[in-house]
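The values are calculated or read from the model by the stated rules, or taken from the named source; none is laboratory data. If you're wondering where the values come from, they're calculated on a predicted model, not measured in any experiment. Here Cβ is always computed from backbone atoms with ideal geometry, including for glycine, and neighbour counts include all displayed protein chains. Calculation scope for accessible area: heavy atoms of the full protein, side chains included, ligands and nucleic acids excluded. Shrake-Rupley method; radii C 1.70, N 1.55, O 1.52, S 1.80 Å.
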Amino acid sequence: MYKKDVIKLIAFLMVFLLLLGIVNMFFNPGDEIRNEKASFYEEPENSMEVIFCGSSSMLRDVSPMELYKNQGIVSYSMATVLQAPAVTEFTVKEALRYQNPKVVVINMESATVDYDYVGREAHIHSSLDPFRFSWDKLKAIWAIGKQDSNQHVADYLFPVVRYHEAWPSLFDDFSRLQHQESYQKGYVGMNTSVEVEFGENHMEYSGEPAGLQEDAMQHYRAAVQSCLDEGIQVLLVKLPRMTWTMEEHEALAGFAEEMGADYLDFNQESVWQEMGLDTVTDFYDANHLNHMGAVKLTRVLGEYLSENYELSDMRQAEGYESWEDSIITYEEKYTYCLNEVTDENRVRYSVSSSQNMRNQSYKWEFYKNNEQVATEETAVPEIDFQVETADEYYVVCTVIDEDGVQASIQSDKHIYE
Amino acid sequence: MSLISLEFLVFLGITAIIYFLAPKKVQWIVLLIANYVFYAFAGAKYIPFLLYTTFTTYIGCLWLSKLNRKYKETLAELKGSLDREQKKRLKTASIRQKRWVVALVCVLNFGVLGLVKYSDFLVDNINGILSALSLPVLEMTVDWILPLGISFYTFQAIGYLVDVYRDQVEAERNFFKTALFLSFFPQLVQGPISRYEQLAHQLTEEHRFDYDRFKKGAYLILWGLFKKLVIAERIVRISNWVFNVENQATGVLIFIGAVAYSIRVYTDFSGGIDIARGAAQILGIELTQNFERPYFATTIGEFWRRWHMSLGSWFRDYVFYPLSLSKGLSKAGKWGRKYLGNYIGKLIPVLTSQFVVFTLIGVWHGSSWKYIAFGFYHGIMIVGGILLGPKLHKIGEDRGINMTSFGFRVFQILRTFIIVVFGRIFTMGNSLTQSMGYYAKSFQFDLDFLTDGLLSKWGFHRAEFLLLVAALFLLFIVSVLQERGMQIRDTLLKKHMLIQWMVYLALIFTVIIFGVYGYGYASSDFIYRGF
Amino acid sequence: MKKLLEILEDIRPDVNFEEETALVTDGVLDSFDIVSIVGEINDQFDVDIYAEDLIPENFDSAEAMMKLIERHLDE
């Protein structure tokens, strides 16, 4: 008598869990970065030779497609914005579950800066939600729960628990339900620039100790160790940023040596020269490059990787034909860049391009405090604009040629001082 | 832990499994342990309070039981040799002794309750008087902790005590079984307040797992979650907005806010009760009903027989009856009949004790003048109803109104609903003064509120508001069916398994998807939790 | 018994006390009725019916009430 009831109950629970899985799929949000991460699973297993991990600098500064174009190196980027150290450890392990790379490159973003688990809840979700469930993911969730008691395991295991308030817009866009092979391989670049300035003591001794964050370093240590345990080499990097002291550089170098990993600091003078980074056109902001900068950095990185690791050239190789096709879509996306240089209260916007810029006209729309205040058309890719302090501005530039609209770029919103 | 948390469901599940797998003889011990584990989660520091009440009640009941026995034995021994006068004196003596015991236990327990809940209120008011007389004020800033469920378990304990006093139940000789009766975890947070006769034996009896009963309990829990998370947590945005002085709501908006609040307090409270009763049902224990579609009441009196029923019947049996039949009020009644006429005189005991009962009910809700005013208001409405009832009835008859028609019944329901809604406004302000301000503002008529943007001011986009309306409609339909006597869960269990599955899955996913809970929303505790 | 029926009909003329047997259980009489009835009974029969006697069994029918009165008269 009991048996029949128990069977019925179990059957019901199974149906419930199945439906829950489907519902969760619908409630898992999608945006460009999330979709890029989810596309990691679309790559054939064990087809990558390099895996990139880290936070937003890694996401914006290193473009796997450039590596492929220049050296034929095949790689994927697991980086996300404001990634928590616990998540970085997870992404490294997750990458190793599906791929067997020769090198794993990690940018330890939170080594010297305390990570705010409470305030960054949304970003932790963006970093974790796209990836599949595994024991390592559960461990990462537990680590997060310990840092912020308001974030529950259920929130991460079942997206519907966290995002059910979005039910009105559930059927707006189905792209998040179907993932395809990516043409950017995890990279999402920026197409605007601002002028940046070096902070005090850049790559010099500041007199302040580096201050390594104990909790973050534990996760990085575990991440590095899991690579070394499988015979995979680790390259620790520090990507370009405007504030970086010699003490911090040495602290990371020391850590790399202690772990038996390699270390490449892009803030070093020699490397900087090699890249030829321009502080006017190549930076999205003080800590991130834009696409132009990423191209330069990835070129130098590719040379370094080729010299120091045994990597294959997969151009024209069998099974990698889709990469050739991806180049076209990739280059089309990143053709234009909107630059911005400020001089007192005059801002010069200009458009640069990786392709020929003939016979194009440019339409500029200026917004002040979210209302359009001016619009102009020019034949040259450049325009000046007067701004007042304390108001918020942004610009939308549309590039038009004989075939029609080619691209439309929107600058970030700025308040000028 | 909150009744609407995942933790509670897990706790319930684990408790149920252990409960049904345990040897039948120790089931009640498993339950006792579970009760105290639950209470510890709420706050281990509260446990001494619960034990204190349990202990004083246990001793008091044993003592009363001893006095009862002594009286009966003496009476049996001397039955033949006593006349009526002597028998009466014996009885009076016994009653007097028993009354001392009851008084002592009451003071010990209501004293503590009064201290933790009302001392701040008393001190504030005393200080108000003192400062008005330019006398130095009392300095009493003690941070009283409010043990979970103290208002509920204290009342349940005293009810049991008085039942023993009245020799209606036998005192429990086992201390742990007494503790079991006073700590049953589903009812700890917000009731219902149970009677010893109804609940105690169920807690110590053996229970076997029953799948149908389990399904009924699960369904009740789901329905409670639906009422609380989909309706109450949503509609509260309206009343919060209206009764936030910064928004300067006036006129009809205040009434709308009061209606929203009335719906909210009903779905919140009855939702929590459903979860409690469903949880108990899964364990095989039936807790008494606390709500019976109160807004379908045709008179205020009937409303209070359908709203918070366990509290109402507690006050009826332990305050109203004793008070209205007491010597004092009987004499007042006689005096009234002599000097004020038969009609009013007869009503004096009833009216006075009704007034006292409702004032106390107001006080029970919280330590603020606004709650006392709330109680007063209902007292006046009840008394008014009793006094004017027959006269209004006559007027109706003279005018040839058919008072048994459906239309008239609807009129009565709406009339009662409006009276209740209006009374809620007393509780909406932060203080009595603020509540009175809302009443004043409700008479300022202003139709500008009909401009669009009201929904977004309240915090809804169209889709969500429609959802709320749909949910309310579902609640209404279910309520009407229940009013007509339909036993929904029994009917459901007779249907084909797939239909049952669909209903359960629909409810579960409605709660998961449309419930207001989780990181996105910060859900409020049950309103009655702080009692 | 006749005296009792007079009292009852005076308080609730609309109820048939000769036939009803579930006056309290079915909610025919409410708490006010009970109190009024008890008040009158205490007065006219010279007994002392207290709150502890106010259980449904004692008031569900006129006969039950009569038995209650007789019990009190015996003491």
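Shown in residue order for region A:395-401 are the 3J(HN,Hα) couplings computed by the Karplus curve 6.51 cos²θ - 1.76 cosθ + 1.60 at θ = phi - 60°: 10, 10, 10, 10, 8, 10, 10 Hz (x for Gly and Pro). Computed from Cα atoms, the angle from the helix A:214-229 axis to the main principal axis of chain A rounds to 80 degrees. The string of couplings for region B:20-31 from the Karplus curve (6.51, -1.76, 1.60, θ = phi - 60°) is 7, 8, 5, x, 4, 5, 9, 3, 5, 6, 4, 5 Hz, one whole number per residue in order, with x for Gly and Pro. The HN-Hα couplings worked out from phi for region A:292-297 by the Karplus form 6.51 cos²θ - 1.76 cosθ + 1.60 (θ = phi - 60°) are 4, x, 4, 4, 5, 5 Hz, whole numbers, x standing for Gly and Pro. Remark: relative contact order (chain A) = 18 percent; criterion is Cα-Cα distance under 8 angstrom and separation of 6 or more residues. Taking amide H positions as modeled 1.01 Å from N, with prolines and chain starts lacking one, the residues under 5 Å from A:Leu264 and 5 or more places away or on another chain are A:Leu236, A:Val237, A:Lys238. Proximity of backbone amide H atoms, modeled 1.01 Å from N, is registered between A:Ala111 and no other residue at under 5 Å, excluding neighbours fewer than 5 places apart on the same chain.
Helical runs assigned H by DSSP (4 residues or longer) give the protein assembly as shown a calculated mean residue ellipticity at 222 nm of -18000 deg cm²/dmol, each run adding -39500 (n - 2.57) before division by the residue total. Accessible surface buried at the A:B interface totals approximately 2200 Å², computed with a 1.4 Å probe on protein heavy atoms. Residue by residue along C:50-56, Cβ atoms of other protein chains within 10 Å of the local Cβ number 6 on average.
Per-residue mean of foreign Cβ neighbours for C:22-35 is 4 (Cβ atoms of other chains, 10 Å radius). Positive end of the dipole of chain B (Cβ unit charges, origin at the Cα centre): among B:Ile508, B:Thr298, B:Ala40, the Cα lying farthest that way belongs to B:Thr298. Based on protein heavy atoms only, the protein assembly as shown ends up with 47 Å² per residue of surface accessible to a 1.4 Å probe. Look at the dipole of chain A built from charges on Cβ: of A:Tyr183, A:Ile383, A:Asn369, the Cα furthest out on the positive end belongs to A:Tyr183. Angle between the Cα long axis of helix A:321-333 and the longest principal axis of chain A, 0 to 90 degrees, nearest 10? With rounding to tens, the tilt is 50 degrees. Of all beta bridges that DSSP places with both ends in the protein assembly as shown, some 70 percent have antiparallel geometry. For the peptide B:337-348, the mean number of other protein chain Cβ atoms found within 10 angstrom of a residue's Cβ is 1. In terms of the mean number of neighbouring beta-carbon atoms within 10 Å, the peptides A:87-93, B:62-68 order highest first as A:87-93, B:62-68. For region B:145-205, carbon and sulfur atoms together expose 54% of the accessible surface, with a 1.4 angstrom probe and every protein chain in place. Considering only alpha-carbon pairs that sit under 8 angstrom and 6 or more positions apart, the relative contact order computed for chain C is 36 percent. Using R0 = 56 Å, the C-beta based FRET efficiency linking B:Glu286 and A:Asn370 works out to 0.40. Helix A:246-259 axis versus longest C-alpha principal axis of chain A: approximately 40°, rounded to the nearest ten. The contact residues of region A:10-31, meaning those that lose at least 40 Å² of 1.4 Å-probe accessible area when all protein chains sit together rather than their chain alone, are A:Phe12, A:Phe16.
For chain B, what does the relative contact order come out to in percent, with C-alpha contacts under 8 Å and a separation of six or more? Display every interim value, and only then the final one.
Numbers: 603 pairs, mean separation 92.6, N = 531.
Contact order relative to length: 17 percent.
Holding the Cα-Cα limit at 25 Å, pick out from B:Lys88/B:Lys334; A:Lys8/B:Lys227; A:Lys238/A:Lys333; B:Lys228/B:Lys457 the pairs that are longer than that. Correct reply: A:Lys8/B:Lys227; A:Lys238/A:Lys333.
Heavy-atom accessible area for A:Tyr156, with the other protein chains in place and a 1.4 Å probe, reaches approximately 10 Å². Ordering A:289-301, B:9-21, B:255-267 by mean Cβ neighbour count within 10 Å, with the highest value first, yields A:289-301, B:255-267, B:9-21. Out of residues 5 or more away from A:Ser134 or on other chains, whose amide H comes under 5 Å of its own, with H placed 1.01 Å from N in the peptide plane? Placed amide hydrogens put nothing under 5 Å from A:Ser134.
Based on DSSP, what percent of beta bridges with both residues in chain A are antiparallel, to the nearest 5? Counting only bridges with both partners in chain A, antiparallel ones make up about 70 percent.
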